[in-house]
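Report on the structure given below.
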Amino acid sequence: MDKAMIPSSLHFFKPLTDIPSLSIEKAHGIYLYTKEGKKIIDAASGAVVVNIGQGREELAEIALEQIRNLNYIFPLWTSKPLEDLVKRLSSWFSQTYRFYFTTGGAESVESALRFTFLYQAMENKPWKNKILSRYTSYHGTTLGALSASGNFLRRKNLEHCLFDWPKIPPPYCYRCPWSKTYPSCGIACAEVLEELLNEETAKSIAGFIAEPIIGASGGAIVPVDEYWPKVAEICKKHELLLIIDEVMTGFGRTGKRFAFEHWKLEPDIIVCAKGLSSGYSPMGMIAVKEELVQKCEQKAKSFMFYTYTSNPLGCTVANKVLEIIESERLIEHSNRIGAFLGESLKKALSDHPLVGDIRGKGLFWGVEIVRNKQTKEPFDPKEGCLGKIITSALELGVFFYPCQGMVDGVSGEALLVCPPFTVTEAEIINIVDVLKESLDRLKQALAMT
């Protein structure tokens, strides 16, 4: 092939044009270093993954030792890394769960859906073959996970091959779909679930999947306190399995072990990935209530594995990551310094004309940007304002995670501010200052046009 024909980038598709494409050469702690030597604070923890920071020597050492000793086994066998991880994970949950391991979030969601359908079939309810979810949600790019997702932009051009599963509006108080105000709203966002399930066609629904705090599709949308207890009660009444997607929020991100603990829930299935291994190895999992697994085992006998189910290297890395979180009390740190992050964001940005809402818990915060603060009018995505903010922030040495589509599936823009748990107060001050400066630059640019 003529060298002139070789593409400059090996991406399957070209990277998003409104966000700079960087070549990252190394990373340490909360910092990224480009090929050119630029130092960037990773205020997004990658894709909300790197909870404990990068470059941990103890993880490099234990991974090397595991590779030398045992790298892979037949997925139906067991190993010490697997047994050690299961033992540690059991202490993270107040209920008794069984664990099934994958290589990431989408695989874990697929596994949760597959188990849900299997369980309903073993309960002699094979007609329960649909999954209920919410608009303004994202659960992964595989076709099953995408079918359960309500993110219009990520479903675009694939709708023709996705399952036609029902969805309900999200608990989005800032833009209430019913134009109501809390607490006089009667928690309509939960009541709509009851209304749907009372319809005849809803008898086919096997389970309800949702993020406890809406992440990439919503920019850290936190429901009111009454929402999740009501939803859990409704699911139990209608014999739906409650599937909580903790892929982004799990393992301390919101200041508790899992975000569902903020509402004292007891999910039937918990989906995890990202923070389980903090990006040091591809790893995901589902935790399923013991009694549900037992019922299936009595009839179905098996649950098909993936090639890398319970991979020894992944299990070793995940176990060490959780050990670090425990020994360094990083969840407590996430809770304490996360409160400082939230207070700092509100103090610096609440009055900013381009900021509509600031919400979050722990080290999981979202800042929604608007054209008009009074009317909540969003920017037209074609203007590329979100990309301009991120570009400015990168120039100033900080990366934020972009979120789009929360208003109507296309418009609506926010930034996730979710640095690794090891972040300091001084670094948070820097992060907030950079975000304010980036917003000010956009404000000045808009005034010029």
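Backbone geometry of the stretch 37-47 corresponds, through the Karplus equation with coefficients 6.51, -1.76 and 1.60 at θ = phi - 60°, to 3J(HN,Hα) couplings of x, 6, 9, 10, 6, 8, 7, 10, 6, x, 10 Hz, x marking Gly and Pro. Kirkwood hydrodynamic radius of the stretch 149-245, from the reciprocal of the average inverse Cα-Cα distance over all distinct pairs: 14.5 Å.
Just check the stretch 307-365 against the gyration tensor rule for me: Cα atoms, a ≥ b ≥ c as the square roots of the eigenvalues, rounded for a/c under 1.5, and otherwise prolate or oblate depending on whether a/b exceeds b/c. Since a/c reaches 1.5 but b/c is at least a/b, the shape of the stretch 307-365 is classed as oblate.
Beyond 29 Å in Cα-Cα separation lie the following of the pairs LYS180/LYS236; LYS38/LYS256; LYS230/LYS347; LYS167/LYS388; LYS130/LYS320; LYS230/LYS289: LYS38/LYS256; LYS230/LYS347; LYS167/LYS388; LYS130/LYS320.
Placing HIS333, HIS352 in order of accessible area, with the largest value first and a 1.4 Å probe, yields HIS333, HIS352. Think of it as helices only: each DSSP H run of n ≥ 4 in the chain is worth -39500 (n - 2.57), and spread over all residues that comes to -10500 deg cm²/dmol at 222 nm. Backbone phi angles across the stretch 313-320, fed through the Karplus curve with coefficients 6.51, -1.76 and 1.60 (θ = phi - 60°), yield HN-Hα couplings of 5, x, 5, 4, 5, 4, 4, 5 Hz in residue order; Gly and Pro are listed as x.
Among (i) 26.2; (ii) 23.9; (iii) 22.6, only one was calculated for this model; which label is it, if the read-out is mean projected area of the Cα convex hull in nm²? Only one listed value fits the structure, namely (ii).
The heavy atoms of SER179 offer some 110 square angstrom of accessible surface to a 1.4 angstrom probe.
Roughly what % antiparallel, to the nearest 5, for the DSSP beta bridges in the chain? Bridges in the chain are about 70 percent antiparallel. Near VAL417, the amide H atoms lying under 5 Å from its own belong to TRP365, GLY366, VAL367; only residues 5 or more places off or on other chains count, and H is placed 1.01 Å from N.
For trypsin sites (Lys or Arg not before Pro), the sites in the stretch 106-207 that DSSP calls loop and that have at most 16 other Cβ atoms within 10 Å are LYS156, LYS180. Would you work out the relative contact order for the chain, in percent, from Cα pairs under 8 angstrom that are 6 or more residues apart? Dividing the mean separation by the residue count of the chain yields 22 percent. How much net charge surrounds THR309 when only other residues with a Cβ under 14 Å from its Cβ are counted (Lys, Arg +1; Asp, Glu -1)? After counting each charged neighbour, the total is 0. What the chain shows is 46 Å² of accessible area per residue, with the surface traced by a 1.4 Å probe over protein heavy atoms. When the charge dipole of the stretch 342-449 is built from unit charges on Cβ atoms (+1 for Lys and Arg, -1 for Asp and Glu) and taken about the Cα centre, the candidate among SER344, VAL398, VAL410 whose Cα reaches farthest toward its positive end is VAL410.
By accessible area, using a 1.4 Å probe on protein heavy atoms only, the chain has 54% of its surface on carbon and sulfur. Phi angles across the stretch 74-91 convert, under the Karplus curve 6.51 cos²θ - 1.76 cosθ + 1.60 with θ = phi - 60°, into 3J(HN,Hα) values of 4, x, 8, 8, 10, 7, 4, x, 5, 5, 5, 5, 4, 4, 5, 4, 4, 7 Hz, Gly and Pro given as x.
Look at where the Cα atoms of the stretch 395-449 and of the stretch 53-93 average out, and the two centres are 36 Å apart.
Looking at the stretch 140-271, send over the antiparallel percent of its DSSP beta bridges, to the nearest 5.
Values: 1 of 8 bridges.
Approximately 10 percent, going by the DSSP bridge assignments.
Multiplying the residue separation of TRP178 and GLU57 by 0.36 nm and subtracting their alpha-carbon distance yields 38.4 nm. In the context of the full protein assembly, TRP178 retains an accessible surface of approximately 90 Å², using a probe radius of 1.4 Å and ignoring ligands and nucleic acids. The mean sequence distance of close C-alpha pairs (under 8 Å, at least 6 residues apart), as a share of the length of the stretch 6-143, puts its relative contact order at 12 percent. Taking a sphere under 14 Å around the Cβ of ILE30 and counting the other residues whose Cβ falls inside, with K and R at +1 and D and E at -1, yields a net charge of 0. Given a 1.4 Å probe and the protein chains as shown, ILE24 ends up with an accessible area of around 80 Å². Among ASP42, ASP164, ASP268, determine the one that fluctuates most according to a GNM of the chain built with springs between C-alpha atoms less than 10 Å apart. It is ASP164.
The values are calculated or read from the model by the stated rules, or taken from the named source; none is laboratory data. Because the structure is a prediction, the values reported are computed rather than measured. Counting neighbours? That spans all protein chains shown, and the Cβs are built from the backbone with ideal geometry, glycine included. To get the accessible areas, we keep the full protein, side chains included, count just its heavy atoms, and leave off ligands, DNA and RNA. Shrake-Rupley method; radii C 1.70, N 1.55, O 1.52, S 1.80 Å.
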